[in-house]
Amino acid sequence: MRRQIPLLITFVVGVIMLFEAFIPHPPFDQLNESLSITFDVLAAFAFVLGGGNLAKIHLAKISRSQPGWGYSAVTMAGFFAMLAIGLFKVGGPSGVKHALEAEGSWFQAAYDYCFLPLSATTFSLLAFFVASASYRAFRAKNREATVLLIAALIILLGRTLVGAALTETLPGSLELLFGALLAYLAWEQFRSKRWIPLALIGTVAAFVLARTLYGYLILAGGGDFYLLTVPDLVNWIMVVPQLAGQRAIMIGICLGIISMSLRLILGVERSYLGSDTD
Amino acid sequence: MKLPCALALWFAVLAPVPLLEAQHAPAEAPSPPSGVQALDVPNDSGHAIEIRWKDSPHPGVLSYEVFRSRLPGETDPGAPETPWMSLGTVGPGEESWTFSSAERGIRYSFKVVATTADSSADSKIVTGESRAQWFDREKFWILVIGGTICLFVILFIQLATRGRKLFVRKIAGLEAVDEAVGRATEMGRPVVFVPGIMDMDNVQTLAGLTLLGYVSRTIAEYDARLDVPVSRSLVMTTGREVVKQAYLEAGRPESYNEDMVHYLTDEQFGYVAGVNGMLLRDEPATCLYMGAFFAESLLLAETGNRIGAIQIAGTAMPSQLPFFVAACDYTLMGEELFAASAYLSGDPKQLGSLKGQDVGKLIVMGAILLGSVAATLALWTGSGSLQSVVDFLKLEMFV
């Protein structure tokens, strides 16, 4: 029974929520919100369990003077201090009808001057961690990592003033760079006597370089000709390959959620219910 | 000097006269907005009425103001009609207003007032009522596609139950779980499992906890140490049940200790500080991050990387995947997280659901291919029928 009742509840609620997605008529229109509120109430009650567990573990550590008990002492001091000034509304107007954030509230002061700066400090560590993770991710260890590195460099350039300035002062520099890279690859194919890749890469390289030179001639004659800029390239990378990859992941996630939800509703997946025995 | 003086006199005295006359001439009143309609907004729970009208041809119209008055309705037939109340103002050229706080079953009167600089004209009064619908037609294709995928999932579960062999590709991250737990056992260090920072109402947390079941069974078999810091109380109670069951199944109930799964805090960065402190002090050999993560993903994974732990992550948050890929040894991307429990359990029923998921991929791939070809050909040929196929796919089917 310990499993059958939760499975039945999961099935009934899951099916109702499926209907709710397609039926805007009452009472279905309010179901989602009502169930969310019910869940929040349950979670609020469960918070007592969490707080109790926190106190139990850390108080035990302190009483046994286990290694690192000093950290536990700081945790417990913060926990009980916030609990006390919050429950008794120290510094602010007391009574149920007054908010915790009222003028002069110690709770609000502790939140503003202790909790927020500590949170911001932890969040700020992200800047350093992004730098170290990027360094590791962008090392050109293999072909995929090299493509990632080049794309990242272009985006870094394009999102700063340098990128725009580079192609404005040196129009066609991207085409020349790309053409030179292709010409080098073609030369490598020639040295390896791989004629088909040579023909393909060489044709593209010749086209890119010829188009750029033609563009210079048009521009020199006072005409108008489009040459690629770094910001445009960045925009293309973000809108085409990056977005395509992201959408592929999103589609996979959606299908995964459908499959997982069906497994839960149908009771095929039940390991989250835990033990069948007391 | 006579000519300039005469001109000055003319400009000062005579020229303003027609101007003043023009200013005092009565302005032509705008024609009232025509074709006023009050229509129920479809596919909703009956809380919106759209008021439409035709733009006045008068060039001086500065705005349209929409008014409503409540009439006695089905729910309160004895209620008096209320005075006119302004709903809002829109500029010239606009031809509709949505009254989105209508009460279901109440009839309302509406009028639209066209206003110029110094006059206004009321439209005729129309009445309308909002009604709730029993089916959201905008979601028809979602129902069809979703229903098809669900049917195939159920079909493949049935086929798998009857003993049909199903091929599932190898997922490197999951293959590495045993190796990672074995390493922790050899080194005598704990395995840390982080089930994300969301609550039990998030499907990623559920996926993470099902994985926790498998991981903790392996840990119990290897007799390694497990540490599961959580940020939600309900996740803690569920996690304890899952781990307890795993230890029972592994035949080591005596090794189970409920404090393996313990609560830290609901606060995002407080939780990060707590977990990072644990990682630096205990130096676990293996870190598993499975669930919903936000900014804390990299803070946790980089700290784990610094202590040299084997790290396996899985999340369906696309914005956090690059961070996990950069900092972890293996990453389960999106759908792999949801497939993990089925993959690891080896249960034919669960594997069948993965096959059903593949049919969904086929449908999406077919639609993408059809859309790409139709859009390219429509661009080249200018064909209206091909463009309508593209519009149907974009605006109707996958809206």
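In the range B:348-377, the residues that are facing another protein chain (nearest Cβ under 9 Å) and crowded, with 18+ Cβ neighbours inside 10 Å reach residues that are aromatic (Phe, Trp, Tyr) and part of a helix (DSSP H, G or I) with C-beta atoms within less than 6 angstrom, at least six apart or across chains, in these pairs: B:GLY352/B:PHE156; B:GLY356/B:PHE152; B:GLY356/B:PHE156. Applying the set (1) surrounded by 13 or more Cβ atoms within 10 Å (Cβ to Cβ); (2) away from chain B (no Cβ under 14 Å); (3) not in a loop (DSSP other than H, G, I, E, B) to A:TYR272 leaves exactly one unmet item: (2). Can you list residue pairs whose Cβ atoms sit under 9 Å apart, with the first residue in the range A:109-122 being within 11 Å of another protein chain (Cβ to nearest Cβ) and the second being loosely packed, with under 15 Cβ neighbours inside 10 Å? Count only pairs 6 or more apart in sequence or on different chains. Listed pairs, sorted by first residue: A:TYR111/A:LEU100; A:TYR111/A:GLU101. Is it the case that A:ARG247 is basic (Lys, Arg), within 14 Å of chain B (Cβ to nearest Cβ) and surrounded by 15 or more Cβ atoms within 10 Å (Cβ to Cβ)? Spelling it out, it is not the case that A:ARG247 is basic (Lys, Arg), within 14 Å of chain B (Cβ to nearest Cβ) and surrounded by 15 or more Cβ atoms within 10 Å (Cβ to Cβ). Across the range A:120-158, the number of residues qualifying as closer than 22 Å to B:ILE307 by Cβ, touching a Phe, Trp or Tyr at 6+ places or on another chain (Cβ under 7 Å) and not β-branched (Val, Ile, Thr) comes to 2. Screening the range B:92-128 for residues that are under 19 Å from B:SER31 (Cα atoms) and of a type in the set (Gly, Ala, Ser) and picking the one that is surrounded by the most Cβ atoms within 10 Å (Cβ to Cβ) gives B:ALA114. What number goes with the only condition from (1) at the interface with chain A (Cβ under 8 Å from one of its Cβ atoms); (2) farther than 23 Å from A:LEU118 by Cβ; (3) aromatic (Phe, Trp, Tyr) that B:TYR256 does not pass? With respect to (1) at the interface with chain A (Cβ under 8 Å from one of its Cβ atoms); (2) farther than 23 Å from A:LEU118 by Cβ; (3) aromatic (Phe, Trp, Tyr), B:TYR256 is out only on (1). Scanning the range B:310-341 for residues that are free of Cβ contacts under 8 Å to residues at least 24 places away in the same chain and in a helix (DSSP H, G or I), we see that the one that is nearest to the other protein chains (Cβ to nearest Cβ) is B:GLU335. The set of residues from the range B:283-305 being surrounded by fewer than 20 Cβ atoms within 10 Å (Cβ to Cβ), at pLDDT 95 or above and within 12 Å of chain A (Cβ to nearest Cβ) comprises just one member, B:PHE294. Here A:ALA164 does not qualify as over 30 Å from A:ARG211 (Cα atoms) and away from chain B (no Cβ under 14 Å).
Mind checking which residues of the range A:12-44 are assigned to a loop (DSSP other than H, G, I, E, B) and surrounded by 15 or more Cβ atoms within 10 Å (Cβ to Cβ)? Within the range A:12-44, A:ILE23, A:PRO24, A:HIS25 meet the criteria.
Residues that are outside the structural domain of B:ARG232 (by TED's automatic domain parsing), modelled with pLDDT under 95 and outside any loop (DSSP other than H, G, I, E, B): does the range B:171-179 have at least one? Looking for residues that are outside the structural domain of B:ARG232 (by TED's automatic domain parsing), modelled with pLDDT under 95 and outside any loop (DSSP other than H, G, I, E, B), one finds none in the range B:171-179, hence no. For the range A:85-122, which residues satisfy the criterion of being buried (at least 16 other Cβ atoms within 10 Å of the Cβ), hydrophobic (A, V, I, L, M, F, W, C) and either over 35 Å from the mean Cα position of the chain (by Cα) or over 23 Å from B:THR265 (Cα atoms) (or both)? Answer for the range A:85-122, where residues must be buried (at least 16 other Cβ atoms within 10 Å of the Cβ), hydrophobic (A, V, I, L, M, F, W, C) and either over 35 Å from the mean Cα position of the chain (by Cα) or over 23 Å from B:THR265 (Cα atoms) (or both): A:ILE85, A:VAL90. Tell me whether the range A:56-66 contains one or more residues that are of a type outside the set (Phe, Trp, Tyr) and either in contact (Cβ under 8 Å) with a residue 24 or more places away in the chain or more than 21 Å from B:ARG281 (Cβ to Cβ) (or both). The answer is no; no qualifying residue exists. In summary, A:TYR226 fulfils each of the numbered conditions (1) without any contact (Cβ under 8 Å) to a residue 24 or more places away in the chain; (2) part of a helix (DSSP H, G or I); (3) among the hydroxyl-bearing types (Ser, Thr, Tyr) with the single exception of condition (2).
This table checks each residue for (1) facing another protein chain (nearest Cβ under 10 Å); (2) part of a helix (DSSP H, G or I); (3) surrounded by 11 or more Cβ atoms within 10 Å (Cβ to Cβ); (4) touching a strand residue (DSSP E or B) at 6+ places or on another chain (Cβ under 7 Å).
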position: A:MET1; (1), (2), (3), (4): no, no, no, no
position: A:LEU7; (1), (2), (3), (4): no, yes, yes, no
position: A:THR10; (1), (2), (3), (4): no, yes, yes, no
position: A:ALA46; (1), (2), (3), (4): yes, yes, yes, no
position: A:GLY51; (1), (2), (3), (4): yes, yes, yes, no
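Within the range B:84-129, the set of residues being assigned to a strand (DSSP E or B), in contact with a His (Cβ under 9 Å, 6 or more places away or on another chain) and more than 11 Å from B:VAL66 (Cα to Cα) comprises B:ALA121 only.
The values are calculated or read from the model by the stated rules, or taken from the named source; none is laboratory data. From a predicted model like this one, the values you see are computed outputs, not experimental measurements. Positions of Cβ are generated from backbone atoms using ideal geometry, with glycine treated the same way; all protein chains shown enter the neighbour counts.
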